[in-house]
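Okay, so here's the structure we're looking at.
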Amino acid sequence: MERLIQADGQPRIGIFSRGPALINHRDFDLRSPMGRRLGALARWRRFHQFQYFGLISEELIGGCALADLSLLGAGFVYLYHPASGRRVVRQFRLPLGLGTRFSQAPDDGVCELSWRGNRLRMDNRGSVKRLEVSLADGLRIEAAFDEQAFQPMHICTPTGPTGWVYARKVAGVRCEGRVRSPLGEFDLRALDCFAHHDWSAGYMRPETCWNWACLSGEAQGLRVGLNLSCGVNETSFSENCFWLDGELFPVGGVRFAFDRDQPLRPWRIHSGDGRVELTFEGRGLHAERVNALLLASNFKQVYGRFSGRLCPPGRPAVTIDNLWGFAEDHYAKW
């Protein structure tokens, strides 16, 4: 598939074995809820894009995100050392996206934020996906994973009365590279580190909320990855799935039961089709809160351990025993 938006101005909707080469969002026939055709300014203002690259191992947990919200470019990176409980966090917010660039080619582009000697960069060209972080205070991350023998989730769903979202997800793939930080220096291959990756873009609901869960690791001799959400990317089709040794297994609708005021307390995450039955216990939290005139965000990403089971059809259930991962609670107005 060369382009997501077709000649009639409408996106291709569904789950795809291969994703589009280009998210040509400027060709979309954007309308108001009452059917009025909207122009270039509205297409710029309402189009949002973000990427997330996560690192998971027994000794080091990390996450890096980049976001283009038209009025704001944003990024963060954090590292957590489970043995000591120590954490480092760096956050960046750039008005109008100054100092950022975002490619709309999910498999052949580079997205980055550069500001005052700090750079967060995600290189998606080819089958090897790379994260490069170089900060003015000396923190360095070089991480990469090869998804050549992996089935990513490619999905595009309708969103709100007139929008759509394209998402590309990967979880449960081994990662290599190096980290230099106040927490120490780490060889990701030596740590048997796993990665997950999310590339999402589209005309999202102007006010939205979602829950999300992801894990990556090894269980019963299998490489396991998990991607679950509730509140986004589930109209007509669902992004919910898990991977076993790179093979993708779809999952139905998922319920997240947790205490919003105390997100480090246990979560219960289960699917209506019985393929996922998990508990999640938080160990730490990355939170951001913004309440501006046109933009608002209440973001909580919890890192912790999953236990339970995954039930692929026609195969024995896979027991998940204290695997590290993430759960998220997010409200956004953009």
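The values are calculated or read from the model by the stated rules, or taken from the named source; none is laboratory data. It should be emphasised that the depicted structure is a prediction, and the values quoted were computed from it without experimental measurement. Positions of Cβ are backbone-derived with ideal geometry, glycine not excepted, and every protein chain shown enters the neighbour counts. For the accessible areas, the whole protein counts, side chains as well, though only heavy atoms, and no ligand, DNA or RNA atoms are used. Shrake-Rupley method; radii C 1.70, N 1.55, O 1.52, S 1.80 Å.
Of the chymotrypsin sites (Phe, Trp or Tyr not before Pro) found in segment 41-75, none is in coil by DSSP with at most 10 other Cβ atoms within 10 Å of its Cβ. Its residues counted as N, the chain yields a C-alpha radius of gyration over 2.2 N^0.38 Å of 0.95. The magnitude of the dipole of the chain, with charges of +1 and -1 set on the Cβ of Lys/Arg and Asp/Glu and taken from the Cα centre, is near 1000 debye. Across the accessible surface of segment 1-154, with the other protein chains kept in place and a 1.4 Å probe, carbon and sulfur atoms take up 49 percent.
Rounded to whole Å, give me the distance from the Cα center of segment 221-267 to that of segment 168-186. Using only Cα atoms, the two centres lie 22 Å from each other. Taking Cα centre as origin and charging only the Cβ of basic (Lys, Arg, +1) and acidic (Asp, Glu, -1) residues, the dipole magnitude of segment 201-334 rounds to 200 debye. Full-extension gain between E2 and R26, please, as 0.36 nm times their residue separation minus the C-alpha to C-alpha distance. Stretched out fully, the E2 to R26 stretch lengthens by 7.2 nm. For segment 174-270, with all protein chains in place and a probe radius of 1.4 Å, 47% of the accessible heavy-atom surface sits on carbon or sulfur.
Taking a ≥ b ≥ c as the square roots of the eigenvalues of the Cα gyration tensor, an a/c ratio of 1.5 or more together with a/b larger than b/c marks segment 210-323 as prolate. Near G63, once Lys and Arg are set to +1 and Asp and Glu to -1 for all other residues with Cβ below 14 Å from its Cβ, the sum equals +1. When only alpha carbons are used to place a centre, segment 281-334 and segment 88-151 end up 21 Å from one another.
Among V165, A40, F150, whose Cα lies farthest out toward the positive end of the dipole of the chain, if unit charges sit on the beta carbon of Lys, Arg (+1) and Asp, Glu (-1)? About the Cα centre, the residue reaching furthest to the positive side is A40. When the P(r) of segment 152-256 is calculated, the portion above 25 Å amounts to 31% of the C-alpha pairs.
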